[in-house]
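Reviewing the structure listed below.
Quick note: the coordinates plus some simple rules give every number you see, no bench work behind them. These figures come from a predicted structure and were not determined experimentally. We place every Cβ from the backbone using ideal geometry, glycine too, and count neighbours over all the protein chains shown.
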Amino acid sequence: MRQQIDHPDTEIWVSDCSLWEICLKWESGKLKLPLPPRSWVEQQRRAWHWTALPIARSHLFRVTELPFYHRDPFDRLLVAQAIEEDLTVATPDPWITRYPVATSW
């Protein structure tokens, strides 16, 4: 996975859904970061040169069309975004591989 991410032709997208989950987990104390999310995420964006993937209505509608394999709403939204935008999800989660979405890990 690291070789794929580090490859110069790899375009990295990070969903606003993931950023929302980071913020919620940090706020609840379940995620420790060296800086508050606003600063840490921006630092990571600059370091990894990733592009933000906003949540669109089409992504939300696609969630309702997915089989209910996965109970986590964040993961379901990530799958919907990947399907809508023809992206690959980087995950080791075996439940996500049940969806018609490209995965890598």
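Annotations
- Extension gain, Thr10 back to Thr64 (0.36 nm per residue minus Cα-Cα distance, nm): 16.5 nm
- Counting only DSSP H runs of at least 4 residues, each contributing -39500 (n - 2.57), and dividing by the residue count of the chain, the helix-based mean residue ellipticity at 222 nm comes to -14500 deg cm²/dmol.
- Scanning residues 5 or more positions from Leu53 or on other chains, those with amide H under 5 Å from its amide H are Val14, Ser15, Asp16, with H placed 1.01 Å from N in the peptide plane.
- Farthest toward positive dipole pole in the chain [+1 Lys/Arg, -1 Asp/Glu at C-beta], among Cys23, Leu78, Pro92: Cys23
- Low-density loop cleavage sites - trypsin sites (Lys or Arg not before Pro) in segment 18-50, where at most 14 other Cβ are within 10 Å (DSSP): Lys30, Lys32
- Linear extension gain, Thr88 paired with Ile55, 0.36 nm per residue minus alpha-carbon span: 10.3 nm
- Measuring nothing but how far apart in sequence close Cα pairs (under 8 Å, 6+ apart) lie, relative to its length, the chain scores a relative contact order of 24 percent.
- For the chain, built as a Gaussian network whose Cα springs stay under 10 Å, the top-fluctuating residue of Pro34, Pro73, Pro94: Pro34
- Among the GluC sites (Glu not before Pro) within segment 58-104, those in coil by DSSP and having at most 16 neighbouring Cβ atoms inside 10 Å are Glu65.
- Comparing Leu35, Leu53, Leu24 in a Gaussian network model of the chain (Cα springs below 10 Å), the most mobile by mean-square fluctuation is Leu35.
- Here the Kirkwood formula puts the hydrodynamic radius of the chain at 14.7 Å, using every distinct Cα pair.
- Unit charges at the beta carbon, dipole of the chain: most positive-side option, Thr51, Leu35, Tyr69: Leu35
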